[in-house]
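Take a look at the structure below.
Please treat every number below as a calculation from the coordinates, not as lab data. Keep in mind the model is a prediction, meaning the values are calculated, not measured. Note: ideal-geometry Cβ built from the backbone for every residue, glycine included; neighbour counts use all protein chains shown.
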Amino acid sequence: MEFRSPFQFERGTLFELLCESYAGLLEAKPAWAATYRERWRHFDDFVFDHPDSIGRLLVSCIDDRPLGFVSWDPRRLPQEGRIGQNCIVPSQRGHGYGSLQIRQAVAILTAQGARRIVVDTDSHAFFALARQMYLSCGFTEVSHTPSEDFGGMELVRYEYVMGYR
């Protein structure tokens, strides 16, 4: 697997990766599908419209074909780095690519001096594998917080603290 800049791909690639990666969630929460897609389209547009403002993002590829991506926000460094979107298309799951993406983001944030790295996911069953992956990558589950986004899902926060692993 190799990591590439999102700007090596056409606008819409990130949106398509998100839609494919989260198709199971869209099926599980059909009332929220349009809201998810709207936010993902906005995310994709923002990345391409404001390349210097988005934070950082790497697209994961096998044989020149994008299979997912990871994004992170360095604005709170050195106190905290934040992992944002992290997705792998279903046909490529189970090969460790998601863990490789997370480990790459952790390495980059660590090299930039992050004291801790946080990531939020959801308590919905769809995200069970993601929650396991964060734990296997050295993150610790630290909180559950109710959220009004997307129908009252509960956010699960994980932290990776430097020097405590």
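The slack in the chain from Ala107 to Glu10, taken as 0.36 nm per residue of separation less the alpha-carbon distance, amounts to 32.2 nm. Bridges between two residues of region 2-161, per DSSP, are antiparallel at a rate of about 90%. Couplings 3J(HN,Hα) of region 112-127, computed from phi: 8, x, 4, 8, 8, 10, 10, 8, 10, 9, 10, 7, 4, 3, 4, 8 Hz, in residue order, whole Hz [Karplus 6.51 cos²θ - 1.76 cosθ + 1.60, θ = phi - 60°; x for Gly and Pro]. For the chain, a Gaussian network of Cα nodes joined below 10 Å ranks Ala128, Ala114, Ala23 by mean-square fluctuation, and the top entry is Ala128. Cα centroid separation, region 13-32 to region 91-165: 19 Å.
Go ahead and collect, in residue order, the members of region 82-109 whose backbone nitrogen is under 20 Å from a label point 7 Å along the Cα-Cβ direction of Ala128. Answer for region 82-109: 87-99.
Overall, the ratio between the Cα radius of gyration of the chain and 2.2 N^0.38 Å, rounded to two decimals, is 1.00.
Sparsely packed loop sites in region 59-165 (the GluC sites (Glu not before Pro) outside DSSP H, G, I, E and B with at most 15 other Cβ atoms within 10 Å) comprise Glu148. One decimal place: the segment Leu77-Glu2 gains 24.4 nm when fully extended, by the rule 0.36 nm per residue minus the C-alpha distance.
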